[in-house]
1. Using the number of other C-beta atoms within 10 angstrom as an exposure proxy, rank 8, 43, 137 with the fewest first.
2. Please give the contour-minus-distance gain from residue 135 to residue 93: 0.36 nm per residue of separation, less the Cα-Cα distance, rounded to one decimal in nm.
3. Given the Cα-Cα distance of residue 143 and residue 69 and 0.36 nm per residue of separation, how much length would full extension add, in nm?
4. Could you list 32, 84 so that the one with the fewest beta carbons within 10 Å of its beta carbon is first and the one with the most is last?
5. Seen from all sides and averaged, what is the projected area of the convex hull of the Cα atoms in the stretch 31-142, in nm²?
6. As a footprinting exposure proxy, order 35, 46 by other Cβ within 10 Å, with the fewest listed first.
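Nothing in this text is a laboratory measurement; each read-out follows from the coordinates by a stated rule. From a predicted model like this one, the values you see are computed outputs, not experimental measurements. Counting neighbours? That spans all protein chains shown, and the Cβs are built from the backbone with ideal geometry, glycine included.
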């Protein structure tokens, strides 16, 4: 009877351990972005619950605005941002985003009047605001908690 109980739990226990190891390895990878929970995104003054903001270990934010096919990057240390037209190779996990490329190598174009549209970036203590490629004003607001 003991042998039957041990055998019944061996495979699920092994599968569970392997799954935990894979998840831990993926979330500790430099290709992993963590979701910012204390951030609100508003488009033209209206909160968009389907938007997401992720951050990397390289201090880069990746913003997905609901209703916009483009992704936007924000570089807090440089007070600038870019637009990413093609992030097809990504995997969304609860609370995380996994990308094929590392944060400094993602395919984004720095916003500037020469390379692309001017985002009219406004940076304040508790938010930053920019104009998206859809010509909508996007505000990313964070709380201190």
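1. Ordered from fewest to most neighbouring Cβ atoms within 10 Å, 8, 43, 137 come out as 8, 137, 43.
2. Numbers: separation 42, 0.36 × 42 = 15.12 nm, distance 2.96 nm.
Extra length available between residue 135 and residue 93 comes to 12.2 nm.
3. Details: separation 74, 0.36 × 74 = 26.64 nm, distance 2.62 nm.
In short, 24.0 nm is gained.
4. Numbers: 32 20, 84 17.
The most exposed by this proxy come first: 84, 32.
5. Averaging across all directions leaves 6.5 nm² for the Cα convex hull.
6. Numbers: 35 16, 46 7.
Result, fewest neighbours first: 46, 35.
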